[in-house]
Amino acid sequence: MLAYLIRRFGQSILVMCIMATIVFFGLYMVGNPIDLLINPEDDLAAQEAAIRRLGLDKPAYIQFFHFLGGLVQGDLGTSFVHNTPALELILSRLPATLELAFLAVILAVILGVPLGMYAGLYPKSPVSRTIMAGSVIGFSTPNFWQGLMLIMLFAVFWRVLPAGGRGETVDVLGIPVSFLTWDGLSHLFLPALNVAIYKISLVIRLSRAGTAEVGLQDYVKYARARGLSERRVINVHILKNIMIPVVTVVGLELGNVIAFAVVTETVFAWPGIGKLLIDSIGLLDRPVVVAYLMLTVFMFVMINLFVDIIYSLLDPRIRLKRGG
Amino acid sequence: MNRVITKAALAVGLAIAAGPVASETLTAGFASEPTSIDPLYHNLGPNNMIRKHMFEALIGEDESLGIRPLLAESWENPDESTWLFHLKKGVKFHDGSDFTARDFLYTVCRIPNVPNSPSSFAGFIKRVETIEAVDDMTIKVVTPGPYPLLLSDFASFGVISASAAGHDGPVTYDKDGCPDIASYPATELYNSGEAAMGTGPYKFVEYSQGERVVMTRFDDYWGEAPHWSDLVIRPISNDGARVAALLAGDVDIIEKPPAQDLERLRADPSTDVVQGASSRVIYLHFDHVGDPTPGVSGTDGKNPFMDVRVRKAVSLAIDRALIVDKIMGGLAVPARQLTPDFMRGTNPDIALETPNLEEAKRLLAEAGYPNGFGLVLGTPNDRYINDAKIAQAVAQMLTRAGIRTEVDAMTKSVFFSRRNKYEFSLYMAGWGSGSAGMASPLRALVATQDKDAGMGGTNRGRYSNPELDAVIAEAFVTVDAEAHDALLRRASEMVVEDVAILPLHYEVTPWALRAGLTIAPRADQHTVLTTVRPVN
């Protein structure tokens, strides 16, 4: 296990180095941030002074070495726009995104698994057909459109939920969270649902397929033959066995939501890291974009690791294999 | 045009006739957010907008960008290079301390000392030789020579409190570093609110980046108490989301409602649209630097825009009224000069041009291009109202005249970088002027590029005309307002005659509000929430 972890670690360092290079030069080629930062009223001397101050007058490779030097010391650079360390800026926005991602994943599991299992157990019933049709819609309509529809329905026509923003937050261990107040929750619900719709559809499909397959297995037939209640057969024998693919996919999707909830965060003006990323790309705030992608790669590596660990808890065969 | 002005005037009238002080919160959805609360950190529209609520400048600018007293009650010129400013008495900062000449000196001292400022305010104090406090309430400013735009410069930055910035002793100003001040506060101290003490009608409550800026009424404000007890400003950059927030009642007012939603917002009984003329001109700039030019084909390497007949032909081929009517839906006013007629220095004798396709073709033929040529028109597609659509329309009009034009539209970050590298033979951009009026675009867009003189900073067509430069230079050393404006008008005429640059139209700025509210539109397109009032 240790050797495996070390190897994994080495791989991720390599991936991060490659990412740093691609992102740095990619953004370098897009344009010069100074053209957006300075006021057009500034005269040429002031423009040049600003360029020097940000170190943008140096050739690209020198800027790149400066950046790498900082990276080695754990310094991801300082935002051109906000004059705040990029990492600090991202971390201050992270709680909002994590909250959104976790609620979305919870919604996906508590709605998706039972609905999918129902559709798997009673594939011919009209309810199941409705569930499956709904999941197709959830899959195939674009995320931003769903978001706007949710806003139109819940916020504009029925006026039951706010159209965006974060609402009231409470500090827990110094981290502002919004799921502890009614106002905060009401702001959180729509964006979370927007993120969750696709995941719910995905989990429904996985659970239905899993249920249909597992339901025919010998051990389920045997459990029924033993006279176990239908509830126990479903909740223990079927549920546990369909959860492995669900956990894998949900784990990866969690990473996806944290890193790329850009669309939802923009539509709902949710102050998470996705919105920060989009704003920073728009302003060519290179340090923030690079730091963001570095963190994202790091996070995906970690999530994959956790998913592997959860597997082994769910499936004793994997555990045994590793032990042996 | 008239309708627009009337509506603006109406809004101003309503604002003045506003009712008693209420304890209500106004929530606004802004299209872009400030990069800091520090009023001296970044000279950028969204920052300056927030600044106007909390930090007042020495000199004020009214809605149509006329100069008016603010922290300075009055001023006089003992001679052409000396200015005496008499400060308003009884003005308090948000921490309760009195505003005196020392605070203004401290502000000027700090301007060049804001670390990592992406766009400094230093340009506004560059023409100042010495500043001294004659007494607590009088400031004497000496410029190296006559300089007429000092008032506009001093209207451009907010005054901070010296004590709140952590400086207790006296302040003396020195161009090369103020001797009494050991260190200056960091921008973070303003973002946290600790040092954010201005004299404005609202004081700092909260700034959470990406989420909101909250301000509350300053009870000891020297002027008329503002209508709203609290202001909440939420950045909602997505157009659709901003409109939805207004329709849902989450916010009371939004900036920059998308043009295609205006009809609907007007028709909806729960919302209203207020619009006002702005000083922002949308223009086309030609490449004025010899052969070859990057975006022209079919001329054997020649740059056709070196010939004034070609530039005239381009101007005649474009039907500005049609663009205003069909593309802008009335959200613009056709232009021929670089500032609209209510700004100082605009020449009232220059009439709009009537488009004339035949004459355009004739001029092209006369210049040696009977079959026209190929052209790439560069434009941003997310910077100005309907920018890419305008460029498309211009391209079609030019193509009809024989200049086969393709539009190269791109996001603003890419566009401005490429433009500043001179990659276009013809590009579209915009320019918003402040209280300096015509002097601002003349200096920045058409004066010959000259780093030391501070001229031609955004003259990315590299137009150069020594005669024009001489008139502009003279205007910049003429303090007498009437004589200064006369020179600006003369220069504007020269620009139009030589078609140095091609103004298309002035933007009209819309705001969408909850029904029953109105706002006084500002010509600088800034959203200042103190001017938002109930209609009755």
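The values are calculated or read from the model by the stated rules, or taken from the named source; none is laboratory data. Fair warning: this is a prediction, and the values are worked out from it, not measured in the lab. Positions of Cβ are generated from backbone atoms using ideal geometry, with glycine treated the same way; all protein chains shown enter the neighbour counts.
Anything in region B:385-426 that is assigned to a loop (DSSP other than H, G, I, E, B) and surrounded by fewer than 20 Cβ atoms within 10 Å (Cβ to Cβ)? List them, or say none. Break it down stepwise before answering.
Step one: filter region B:385-426 for residues assigned to a loop (DSSP other than H, G, I, E, B), giving B:385-386, B:401-402, B:411, B:421-425.
The answer is B:402, B:411, B:421, B:422, B:423.
Would you call residue A:323 under 30 Å from residue B:246 (Cα atoms) and either buried (at least 24 other Cβ atoms within 10 Å of the Cβ) or modelled with pLDDT under 75 (or both)? Outline the logic, then answer.
Numbers: under 30 Å from residue B:246 (Cα atoms): no; either buried (at least 24 other Cβ atoms within 10 Å of the Cβ) or modelled with pLDDT under 75 (or both): yes.
Taking the combined requirement at face value, the residue does not satisfy it.
Just need a number here: residues in region B:101-123 that are among the small types (Gly, Ala, Ser) and touching a His at 6+ places or on another chain (Cβ under 7 Å).
Total meeting the criteria: 2.
Just to be sure I understand the filter: pairs with C-beta atoms under 7 Å, separated by 6 or more residues or on different chains, first member in region B:222-240 and within 14 Å of chain A (Cβ to nearest Cβ) and farther than 14 Å from residue B:210 by Cβ, second member assigned to a loop (DSSP other than H, G, I, E, B) and not β-branched (Val, Ile, Thr). Which pairs pass?
Short answer, once both residue conditions are applied: B:239/B:258.
Please work out which residue is farthest from the other protein chains (Cβ to nearest Cβ), limiting yourself to region A:84-116 and to residues that are within 14 Å of residue A:290 (Cα to Cα) and crowded, with 21+ Cβ neighbours inside 10 Å.
By that ranking, first place goes to A:86.
Which ones in region A:171-188 are buried (at least 19 other Cβ atoms within 10 Å of the Cβ), modelled with pLDDT of 90 or more and more than 10 Å from every other protein chain (Cβ to nearest Cβ)?
Listed by number, the residues that qualify are A:184, A:188.
Restricting attention to region A:31-53, and to residues there that are surrounded by fewer than 17 Cβ atoms within 10 Å (Cβ to Cβ) and farther than 15 Å from residue B:43 by Cβ, which single residue is farthest from the other protein chains (Cβ to nearest Cβ)?
A:52
Of B:324, B:296, B:310, B:314, which residue is without any contact (Cβ under 8 Å) to a residue 60 or more places away in the chain and crowded, with 20+ Cβ neighbours inside 10 Å?
Within the list B:324, B:296, B:310, B:314, the selection yields B:310.
Please enumerate the residues belonging to region B:452-484 that are under 24 Å from residue B:306 (Cβ atoms), surrounded by fewer than 16 Cβ atoms within 10 Å (Cβ to Cβ) and touching a helix residue (DSSP H, G or I) at 6+ places or on another chain (Cβ under 9 Å).
Of everything in region B:452-484, just one residue is under 24 Å from residue B:306 (Cβ atoms), surrounded by fewer than 16 Cβ atoms within 10 Å (Cβ to Cβ) and touching a helix residue (DSSP H, G or I) at 6+ places or on another chain (Cβ under 9 Å), namely B:467.
Check region B:495-510 and report whether any residue there is in contact with a helix residue (DSSP H, G or I) (Cβ under 7 Å, 6 or more places away or on another chain), farther than 30 Å from residue B:274 by Cβ and surrounded by fewer than 16 Cβ atoms within 10 Å (Cβ to Cβ).
Looking through region B:495-510, none of the residues is in contact with a helix residue (DSSP H, G or I) (Cβ under 7 Å, 6 or more places away or on another chain), farther than 30 Å from residue B:274 by Cβ and surrounded by fewer than 16 Cβ atoms within 10 Å (Cβ to Cβ).
What pairs can you find where one residue is in region B:440-454 and farther than 14 Å from residue A:45 by Cα and at pLDDT 95 or above, the other is of a type in the set (A, V, I, L, M, F, W, C) and assigned to a loop (DSSP other than H, G, I, E, B), and their Cβ atoms are less than 6 Å apart, with a gap of 6+ or different chains?
B:441/B:338; B:446/B:500
Would you check which residues across region A:66-83 are more than 14 Å from every other protein chain (Cβ to nearest Cβ), of a type in the set (Val, Ile, Thr) and within 20 Å of residue A:281 (Cβ to Cβ) and list them? Break it down into steps so the answer makes sense when it comes.
From region A:66-83, those more than 14 Å from every other protein chain (Cβ to nearest Cβ) are A:66-76; that's our starting set.
With of a type in the set (Val, Ile, Thr) added as a condition, the list becomes A:72.
Passing the criteria: none in range.
Can you tell me which residue in region B:280-293 is surrounded by the fewest Cβ atoms within 10 Å (Cβ to Cβ), limited to those that are in a strand (DSSP E or B) and in contact with a helix residue (DSSP H, G or I) (Cβ under 9 Å, 6 or more places away or on another chain)?
Only one residue tops the list, namely B:283.
Which members of region B:387-427 meet the condition of being in contact (Cβ under 8 Å) with a residue 40 or more places away in the chain, in contact with a helix residue (DSSP H, G or I) (Cβ under 6 Å, 6 or more places away or on another chain) and within 14 Å of chain A (Cβ to nearest Cβ)?
Residues satisfying the conditions are B:420, B:427.
Can you tell me which residue is farthest from residue A:189 (Cα to Cα) among those in region A:100-153 that are without any contact (Cβ under 8 Å) to a residue 40 or more places away in the chain and either in contact with a strand residue (DSSP E or B) (Cβ under 9 Å, 6 or more places away or on another chain) or part of a loop (DSSP other than H, G, I, E, B) (or both)?
By that ranking, first place goes to A:124.
Strands (runs of 3 or more DSSP E) wholly in region B:209-262 with at least 1 residues that are basic (Lys, Arg), within 24 Å of the chain's Cα centre (by Cα) and surrounded by fewer than 24 Cβ atoms within 10 Å (Cβ to Cβ) - which ones?
Where strands (runs of 3 or more DSSP E) fall fully within region B:209-262 and carry at least 1 residues being basic (Lys, Arg), within 24 Å of the chain's Cα centre (by Cα) and surrounded by fewer than 24 Cβ atoms within 10 Å (Cβ to Cβ), they are B:212-217.
Quickly run through region B:511-536 and pick out the residues that are on the phi < 0 side of the Ramachandran plot, part of a loop (DSSP other than H, G, I, E, B), out of contact with any helix residue (DSSP H, G or I) (no Cβ under 8 Å at 6 or more places or on another chain) and surrounded by fewer than 23 Cβ atoms within 10 Å (Cβ to Cβ).
Those that are on the phi < 0 side of the Ramachandran plot, part of a loop (DSSP other than H, G, I, E, B), out of contact with any helix residue (DSSP H, G or I) (no Cβ under 8 Å at 6 or more places or on another chain) and surrounded by fewer than 23 Cβ atoms within 10 Å (Cβ to Cβ): B:515, B:524, B:536.
Among the residues of region B:111-151, what is the count of those that are at pLDDT below 95, among the small types (Gly, Ala, Ser) and in contact with a strand residue (DSSP E or B) (Cβ under 9 Å, 6 or more places away or on another chain)?
3
Before we move on, is residue A:165 out of contact with any Phe, Trp or Tyr (no Cβ under 7 Å at 6 or more places or on another chain), surrounded by 13 or more Cβ atoms within 10 Å (Cβ to Cβ) and assigned to a helix (DSSP H, G or I)?
It is false that residue A:165 is out of contact with any Phe, Trp or Tyr (no Cβ under 7 Å at 6 or more places or on another chain), surrounded by 13 or more Cβ atoms within 10 Å (Cβ to Cβ) and assigned to a helix (DSSP H, G or I).
Kindly evaluate residue B:108 against the criterion of being crowded, with 20+ Cβ neighbours inside 10 Å and either at pLDDT below 95 or within 14 Å of chain A (Cβ to nearest Cβ) (or both).
no
Scan region A:154-170 for residues that are more than 7 Å from chain B (Cβ to nearest Cβ), out of contact with any strand residue (DSSP E or B) (no Cβ under 7 Å at 6 or more places or on another chain) and of a type outside the set (Asp, Glu) and jot them down.
Step one: of region A:154-170, the residues more than 7 Å from chain B (Cβ to nearest Cβ) are A:154, A:157-158, A:160-161, A:167-170.
In the following step, the residues that additionally are out of contact with any strand residue (DSSP E or B) (no Cβ under 7 Å at 6 or more places or on another chain) were identified as A:154, A:157-158, A:160-161, A:167-168.
A:154, A:157, A:158, A:160, A:161, A:167 - these are the residues of region A:154-170 that are more than 7 Å from chain B (Cβ to nearest Cβ), out of contact with any strand residue (DSSP E or B) (no Cβ under 7 Å at 6 or more places or on another chain) and of a type outside the set (Asp, Glu).
Specify which of the listed residues (B:74, B:117) is assigned to a strand (DSSP E or B) and either within 14 Å of another protein chain (Cβ to nearest Cβ) or surrounded by fewer than 18 Cβ atoms within 10 Å (Cβ to Cβ) (or both).
B:74
So which of A:242, A:258, A:238 is surrounded by 20 or more Cβ atoms within 10 Å (Cβ to Cβ) and over 21 Å from residue A:113 (Cα atoms)?
None of the other options fit; the residue is A:258.
Do you know which residues across region B:441-451 are surrounded by 24 or more Cβ atoms within 10 Å (Cβ to Cβ) and assigned to a helix (DSSP H, G or I)? Even if it seems obvious, please write down each step before you answer.
Filtering region B:441-451 down to residues surrounded by 24 or more Cβ atoms within 10 Å (Cβ to Cβ) leaves B:441-443, B:445-447.
Once the filter is applied, which keeps residues that are surrounded by 24 or more Cβ atoms within 10 Å (Cβ to Cβ) and assigned to a helix (DSSP H, G or I), region B:441-451 yields B:441, B:442, B:443, B:445, B:446.
Among the residues of region B:276-308, count how many are out of contact with any strand residue (DSSP E or B) (no Cβ under 8 Å at 6 or more places or on another chain) and among the β-branched types (Val, Ile, Thr).
Total satisfying the criteria: 3.
Considering B:358, B:366, which residue is more than 35 Å from the chain's Cα centre (by Cα), without any contact (Cβ under 8 Å) to a residue 12 or more places away in the chain and surrounded by fewer than 21 Cβ atoms within 10 Å (Cβ to Cβ)?
On the way: B:366 fails: without any contact (Cβ under 8 Å) to a residue 12 or more places away in the chain.
On inspection, the qualifying residue turns out to be B:358.
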